[in-house]
1. Cα axis of helix 91-105 to longest principal axis of the chain: angle in degrees, 0 to 90, nearest 10?
2. Given a cut-off of under 8 Å on Cα pairs at least six residues apart, what relative contact order in percent is computed for segment 13-106?
3. Largest first and to the nearest Å, give the Cα extent of segment 8-89 along each principal axis.
4. So how much slack lies between ARG30 and GLU63, counting 0.36 nm per residue of separation and subtracting their Cα-Cα distance, in nm?
5. What accessible area per residue, rounded to a whole number of Å², is obtained for the chain using a probe radius of 1.4 Å?
6. Suppose we keep just the alpha-carbon trace of segment 110-170; what are its Rg and Dmax in angstrom?
7. List the residues, sorted by chain then number, that are 5 or more residues from ARG237 or on another chain and whose placed amide H is less than 5 Å from its amide H.
8. Sequence-distant or interchain residues sharing an amide H contact under 5 Å with VAL123, placed H: which?
Amino acid sequence: MNDEIKNRVSQIENSLQGLSSKEIIASNERLMEGVNAEYQEFHKAYKSGVCYLCDKPFDDVDESKPCMHILLRRKKFKKELYKKIFDYLEYLQIASYLRWVANEDVAARNINDLKDECADNKVFNETIVWKNIEWTFDCSQSDFDGHEGSEFGNEPHWHFQMKENGFVFIKFNDFHIKFKDNDLITMSLVKDNAIQHTFGNAGMGMQSVMDFADNQPELFLNNSKTANECEEKAAVRVQSIISAPPGETFSGEDVYQAIQMSKRTGKTISACMQEIFGHKCSAFVMVSPHDGVPEIAKRGKRK
């Protein structure tokens, strides 16, 4: 990372330190308002099969300067054309767009950004699935630092893999994609704990879901809905172990009552069990990613 970027990061951190908590909250609210407004534009256009960025149908691409929606691969192009979007678009722009696209099908489930499934040396490693397309973003710490003495990767960069119908179309080592200045500034501020970065509700992945379950378990259960027959839309599995204190019992009829409540209200069985048994029994709830969450594609070691 060059000195100019480091200086800009330092300047931003110094300016943030001078803000009051009220000013920070107001700034965050303005930012989220802008993001939400842009997402609504995207959502409306997506429903019409149109890209909100260029106003073209998803199968229409200007090859002289292709738009980001080329990654949806609704029309066949050689992979060399994809390099053009990597040359002018930021990682954060591309990742946000593809997260929005994936979440149009089902919320969070198609975005595996789970930290537990990433190696310790990764700055990020996430796989996103949409219809017949799979995208993976990968950046190790050595990629972010730049490989000293390397002909192609001596500057901070990231890697990208794209699959179509299960077959690799763009390989991780096809491109060393250079980070843009805004990427480096944002990620450096996050690393220094000067700011927090999320992709928002519209770009939520599985890590955000699991964080919600860990940090606010009661609220998570109360706001979760059972998938019933729509198993392909389920993001997590929720299992409960109910135990009664000495001298207390519960019957199969109680369990049946919880199941019927779940069907009637749409709440998870775990939430219904806690509501029914809470006064006399304790519940241990386990939340785990659903089996349908895609695996994160892994990049082989450099040779």
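The values are calculated or read from the model by the stated rules, or taken from the named source; none is laboratory data. Everything numeric in this text was worked out from a predicted model, so none of it was measured. Positions of Cβ are backbone-derived with ideal geometry, glycine not excepted, and every protein chain shown enters the neighbour counts. What goes into the accessible areas is simple: the full protein's heavy atoms, side chains included, and nothing from ligands, DNA or RNA. Shrake-Rupley method; radii C 1.70, N 1.55, O 1.52, S 1.80 Å.
1. It works out to around 40 degrees.
2. Numbers: 42 pairs, mean separation 13.7, N = 94.
Dividing the mean separation by the residue count of segment 13-106 yields 15 percent.
3. Here the spans come out as 51, 29, 15 Å, largest first.
4. Computed gain between ARG30 and GLU63 is 8.3 nm.
5. Numbers: 17530 Å² over 303 residues.
On a per-residue basis, the chain sits at 58 Å².
6. Values for segment 110-170 (Cα only, Rg and Dmax): 13.1, 40 Å.
7. Long-range HN contacts for ARG237: SER288, HIS290.
8. CYS139, SER140, GLN141
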